[in-house]
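These notes concern the structure reproduced below.
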Amino acid sequence: MTGSEKMPALERSERDPVGSFDALETAVIDHLFALQPGYAVFLGLHEYDGRLPDYSNGFTDRWLSESDRLGARIHALGSGEVPAGRSIDRRLLELLLASPVFDLREARDLERNPMAYLASLSMTSYMVREYAPAADRVRAMVETLRAVPRLIETGRRRLEARLPAPFLRLADSIGAGLPSHFDEVEQFAARHGSALRRAVSDVRPAAEASVRDFLDRIRNEWGPKATEEFALGPQRYQTLLWVREGIQEPFSDMLEEGRRDLARNQSRLDEIVRSAGPARSVSALLETLYEDHPSADDLVPSAQRFVSETREFVRDHGLATIPEPDSCRVEETPSYGRALSTASMNPPGPFDTKGDEGIYFVTPVDSMWPAERQEEWLRSLNRSMLRNITVHEVYPGHYLQFLHHRRAAGSLARRVFMSNSFTEGWAHYCEQLAVEAGLGAGSVHAEVAQLHDALLRDCRLIASVGLHTGGMSLEQATELFQTEAHFERLPAEREAIRGTFNPEYFCYTLGKLSILRARARHLSPKFSGSLKAFHDHLLSFGAPPVGMIEELFAGSAA
């Protein structure tokens, strides 16, 4: 991509605005991938396979210096140097640099967050996607494993003596799943030949030893000295909104919108409860959902049936174009990801040339759990909520959006930029869209499941702002999820903890509300009331920062 596909731009005259801008665009994106090779692989650029990031002080210092130079070049571009229709691309390039610069300089992730050194070690995509011969993919995993000790050693040297306790807690959970993940890699290699297995087994012990040493330090060195200080603070939080989503409005506006959405969703849920009779309550209504769950053996088959059902629902109701070919299979979440995920989508990247298949992961019951916990897990994945999750992850949510992104005729910057609030906001919006279109007609369960998840996302936004700008304690955040989203104590506490290290979990509600505003403004005047036309046009943008959606609809960058 950045080599052969864009190289002609580098050969044009510097006085040619198209050539010089294209060359700068290529330079910025190559620079980004030098720091984030795993992101390049996610996008489908497999020349980056097997690379782990270099987080040493020397490398990141040089990277930041080059970022400053490239940022100055972007800022200095005159109006005649930006090709017509590419003003938004210029701003996207600014944000593609500003976002990781924020992580390094402002959030100081590499000094404060041990998860930064563990999050890039998943090799699931190499095993589940047949984009290349198995031997090539195993070689990429071998190179990854070989680089693990160096990355972990960098973390050991760079992390500060006192780290936030919630960060340590999750890092411990992630790291604890890595040895079994490395075993999955070796088993995969073994299925494709003894020589490949030996290649993995040669490098696996050192990788595992480094991870175990890291876990020991988390538990025995950093853990006893942990601090509860995790908040970004108001100024950095406001900067986060800009570098991630191009939003300059004060975060207090986002908070107020989130509170209004919470009140709307609570009001609708109360209305459904009242219609069920005076003896009913929210908890009683939710209990009817929890009781109707699949068995452990039928969990994945149930999800696959919902994939087929929701696909036909989108097509029959004309909600959006489903680009073809499309195919989505359901698998159990790999062991490495089970501590963090109930369900997730592994989509084809916009640069992936080997197929359009989506992989929908659903986390199964662990047979080692006690019976009570197994039942609790299945209740949380009851049929109504599993269908709502499928809407979010597959049709018309993430998978459909990624299919459109792959086919969007956009610039290099637009293909690379992936806004969390756009992608998660679209998927969350789709939950409401499906209910509006009549999913589960004849029963309130579909809407109750959708509202339950909407209340969760509203509380995430409120907790994010409170935890990072308003002095909200973990206990107060836990109570928020209990009282306003009807969560029990344990999951409410987990949601509160997530907000400490993932302030961006505001993205679901922020993105949904941004799309709803755009729909209210443009559906009738521009698209004659056609939801399909509106959605197809929205998805043709790729996944831009939600702060730029209105400008894109206005056509200033068309």
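Read-outs throughout are calculated quantities, based only on the coordinates presented, and are distinct from any laboratory measurement. Please read all numbers here as calculations on a predicted model, not as lab measurements. So basically every Cβ, Gly included, is an ideal-geometry build from the backbone, and we count neighbours across all protein chains shown.
Below, the figures for the structure above:
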| quantity | calculated |
| --- | --- |
| Segment residue 264-residue 206, extension gain: residue separation times 0.36 nm, minus the distance between their alpha carbons | 15.5 nm |
| Globularity index of region 225-311, i.e. its alpha-carbon radius of gyration over 2.2 N^0.38 Å | 1.74 |
| Percentage, to the nearest whole number, of Cα pairs in region 305-407 over 18 Å apart | 50 percent |
| Distant alpha-carbon pairs in region 409-514 (separation over 16 angstrom), percent | 62 percent |
| Region 347-388 pair-distance distribution - Cα-Cα, 10 Å bins, rounded % | 24, 32, 23, 18, 3 |
| Sum of -39500 (n - 2.57) over DSSP H runs of 4+, divided by residues of the chain (222 nm, nearest 500) | -20000 deg cm²/dmol |
| For region 124-170, projected area of the alpha-carbon convex hull averaged over all directions, nm² | 4.5 nm² |
| Percent of Cα pairs exceeding the 43 Å cut-off, where the set is the chain | 16 percent |
| Only Lys, Arg (+1) and Asp, Glu (-1) charged, at Cβ; the chain dipole about Cα centre in debye | 680 debye |
| Kirkwood hydrodynamic radius of region 14-143, Cα pairs, Å | 16.5 Å |
| 5 angstrom amide H check on residue 358, placed H, neighbours 5+ away | 327, 328, 329 |
| Per-selection Kirkwood Rh - region 127-214 (Cα, Å, 1 d.p.) | 14.1 Å |
| Rg over Rh, two decimals, region 80-122 (C-alpha only, Kirkwood Rh) | 1.23 |
| Estimated distance in nm for a label pair at residue 526 and residue 150, the labels positioned 7 Å out from Cα along Cα-to-Cβ | 4.7 nm |
| Alpha-carbon Rg/Rh ratio, for region 7-225, with Rh computed the Kirkwood way | 1.04 |
| Loop-located trypsin sites (Lys or Arg not before Pro) in region 183-227 whose Cβ has at most 15 other Cβ within 10 Å (DSSP) | 191 |
